[in-house]
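The values are calculated or read from the model by the stated rules, or taken from the named source; none is laboratory data. All of these numbers come straight from a predicted model, not from anything done at the bench. All Cβ positions, even for glycine, are placed from backbone atoms using ideal geometry, and neighbour counts span all protein chains on display. These area figures cover heavy atoms from the full protein model, side chains too; ligands, DNA and RNA do not enter into them. Shrake-Rupley method; radii C 1.70, N 1.55, O 1.52, S 1.80 Å.
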Amino acid sequence: MKLKQILKKLQSLVKTNEVEIWSLDECHFQQHGSRCKMWVPPEDKDPIVLQEPTRKNISVFGAACVHDGRLVTKFSKPFNGMTFQEYLELLLNHKKDRLEMHIILDNSKYHHAKLLQPWLEKHSDEIKLDFLPPYSPDLNPIERVWKLTRRLCTHNRYFESIEILIESVTKQFKLWQSPNNILRSLCAIN
């Protein structure tokens, strides 16, 4: 499906009250955090900046409801067809009384796993997957949620352990579990 057709379809679905649209993606948050800005007093000639020298990270499935801004997340390692199906089952439990749940997502290999097909057929009246064109992460609204989460939780922070990182990210995710205007405006499809 061409880009203009996908956007037109999503815009028309947003206007109906018969479907619920969710934006889904996976994300990794690094223990070493990220430095964006730094101020050093002029008298400090050789500042020491603590940063955990590790490649440890946490992996998260996440989906935001375009209509009301709810966020549903699940920590997961690895990302594969089986863990993706488990996440879809969790997400389906958050569906409101609307007729269908449309999920906007990218074309990761495990999103098309053969293992998923029987489950998707069984739930075809409840859930529909709408795949974005390749190399178009900017079209997936959840990417804006990940960017804001990083800015609020990991930028300019030192995480001594992976548990502290998990705690920081989880605290933010809990704030966004119920409908909220921040995510609703971030995930708007115009």
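Antiparallel DSSP bridges in the chain: what percent, to the nearest 5? Mind dumping the intermediate values first?
Details: 14 of 25 bridges.
About 55 percent, rounded to the nearest 5.
Over all alpha-carbon pairs of the chain, lay out the pair-distance distribution in 10 Å bins, whole %, shortest bin first.
Taking all Cα pairs of the chain, the binned fractions are 8, 33, 33, 16, 7, 2, 0 percent.
Under a GNM of the chain (C-alpha, springs under 10 Å), which listed residue has the highest mean-square fluctuation: D138, D44, D125?
D44
Around S108, with a cut-off of 11 angstrom between Cβ atoms, what is the net charge of the other residues, counting Lys and Arg +1 and Asp and Glu -1?
Values: positive: K109; negative: D25, E26, D106.
Neighbourhood net charge equals -2.
For the chain, what % of the accessible area comes from carbon and sulfur atoms, probe 1.4 Å?
Details: 6120 of 11390 Å².
Result for the chain: 54 percent of the exposed heavy-atom area is carbon or sulfur.
Which FRET efficiency, nearest 0.05, do S178 and L7 yield, Cβ-Cβ r, R0 22 Å? Walk me through the numbers before you get to the answer.
Numbers: r = 29 Å, r/R0 = 1.30.
So the FRET efficiency works out to roughly 0.15.
What does the accessible area per residue of the stretch 44-171 come to in Å², with a 1.4 Å probe and no ligands, DNA or RNA counted?
Numbers: 7260 Å² over 128 residues.
Per-residue value: 57 Å².
Helix check for the chain. Which DSSP H runs span at least 18 Å along their own axis by Cα, with a mean Kyte-Doolittle hydropathy no less than -0.5?
Numbers: long enough: 3-15 (19 Å, 0.04); 162-175 (20 Å, 0.59).
Membrane-span-like by this criterion, though nothing is claimed about a membrane: 3-15, 162-175.
I need to check one value: relative contact order of the chain, counting alpha carbon pairs closer than 8 Å and at least 6 residues apart, in percent. Please report the intermediate quantities before stating the final value.
Numbers: 298 pairs, mean separation 61.6, N = 190.
Computed over the chain, the figure is 32 percent.
Check each of the chymotrypsin sites (Phe, Trp or Tyr not before Pro) in the stretch 91-172 and keep only those in coil by DSSP with at most 15 other C-beta atoms within 10 angstrom; list them in order.
Values: sites: Y110, W119, F131, Y135, W146, Y158, F159; in loops: Y135, Y158, F159.
Counting only loop positions with at most 15 other Cβ atoms within 10 Å, the chymotrypsin sites (Phe, Trp or Tyr not before Pro) in the stretch 91-172 are Y135, Y158.
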